[in-house]
1. Give me a count of the residues in segment 134-161 that are over 27 Å from residue 112 (Cβ atoms), away from the ligand (no atom under 14 Å from the Cβ) and in contact with a strand residue (DSSP E or B) (Cβ under 9 Å, 6 or more places away or on another chain).
2. In the list 104, 140, which residue meets the criterion of being over 17 Å from residue 16 (Cβ atoms), among the β-branched types (Val, Ile, Thr) and surrounded by fewer than 10 Cβ atoms within 10 Å (Cβ to Cβ)?
3. Can you name the condition, by its number, that residue 32 falls short on among (1) more than 12 Å from the ligand (Cβ to nearest atom); (2) surrounded by fewer than 16 Cβ atoms within 10 Å (Cβ to Cβ); (3) of a type in the set (D, E, K, R)?
4. Which helices (runs of 4 or more DSSP H) sit wholly inside segment 26-143 and have at least 3 residues that are of a type outside the set (D, E, K, R)?
5. When both residues are 6+ apart or on different chains and their Cβ atoms are under 6 Å apart, which pairs have a first residue that lies in segment 60-88 and is closer than 20 Å to residue 45 by Cα and touching a residue at least 60 places away in the same chain (Cβ under 8 Å), and a second that is assigned to a loop (DSSP other than H, G, I, E, B) and within 12 Å of the ligand (Cβ to nearest atom)?
Amino acid sequence: MLSSRSLGGKVALVTGGGSGIGAACVRALAEEGVSVLVVDYDAEAAAAIAAEVGGSAFAADVTDPDACIAMVAAALDALGRLDVAVNNAGVGPAGLIPTADISVDDWRGIRVNAVGPGTTETSLTRDAIASEPEKIVARVPLGRVAVPEDIAPLVVFLASDASAFCTGGWYAVDGGWTAQ
Ligand SMILES: NC(=O)c1ccc[n+]([C@@H]2O[C@H](COP(=O)([O-])OP(=O)(O)OC[C@H]3O[C@@H](n4cnc5c(N)ncnc54)[C@H](O)[C@@H]3O)[C@@H](O)[C@H]2O)c1
């Protein structure tokens, strides 16, 4: 997909990496040579995905600021550095320090981007999609819902040096839903 120069040797953590979109991100990043710490409050799910890609697992609830501090420490301990945080579980490690207390200088060089998935078939949405599939699909110009593997490639791009000038952006992967 991307040149190995873009991502090889980097270290990422993926919260909610035990299932759905997060698990697809773990697999896609690992395919590009990234060492991944799979973080999930479902310890078994995290361990299973980590084992699949030769990564490391860490059980944490990202709504707990102390657990987020421990998660970052675990990445540094297990993998020696941290280049990319995919804050997929919805609440990210901003709880480490109140965002407003981070100095402008500390933010320089850190790229922050958001991915906006359309309806994606995962354990979160499977029942809702099954309950009214035609209605949901009718809202999507491309005529289908997403699978997690539709979302992960953009995350890989944003984690790579190929997106070196992208920051502060929001990127839809929604089959054209928001463009209507
Ligand atoms: N599926 C969609 O249609 C869709 C659309 C837009 C945005 N999203 C967002 O994408 C993200 C992933 O959703 P998904 O559909 O892959 O869901 P999913 O239920 O398949 O996977 C979520 C994973 O996160 C873990 N998790 C949940 N809360 C956690 C917490 N507090 N701490 C640690 N781990 C936690 C779960 O154990 C699970 O493994 C979510 O933030 C969701 O809001 C999903």
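1. 0
2. Numbers: 140 fails: surrounded by fewer than 10 Cβ atoms within 10 Å (Cβ to Cβ).
So the residue among 104, 140 that is over 17 Å from residue 16 (Cβ atoms), among the β-branched types (Val, Ile, Thr) and surrounded by fewer than 10 Cβ atoms within 10 Å (Cβ to Cβ) is 104.
3. (2)
4. Here the list reads 43-53, 65-79, 126-131, 133-138.
5. 88/16
Each reported figure results from applying straightforward, stated rules to the coordinates on display, with no laboratory input. What you are looking at is a predicted structure, and each value in this text was computed from that prediction instead of being measured. No Cβ is skipped: glycine too gets one built from the backbone with ideal geometry, and neighbour counts run over all protein chains shown.
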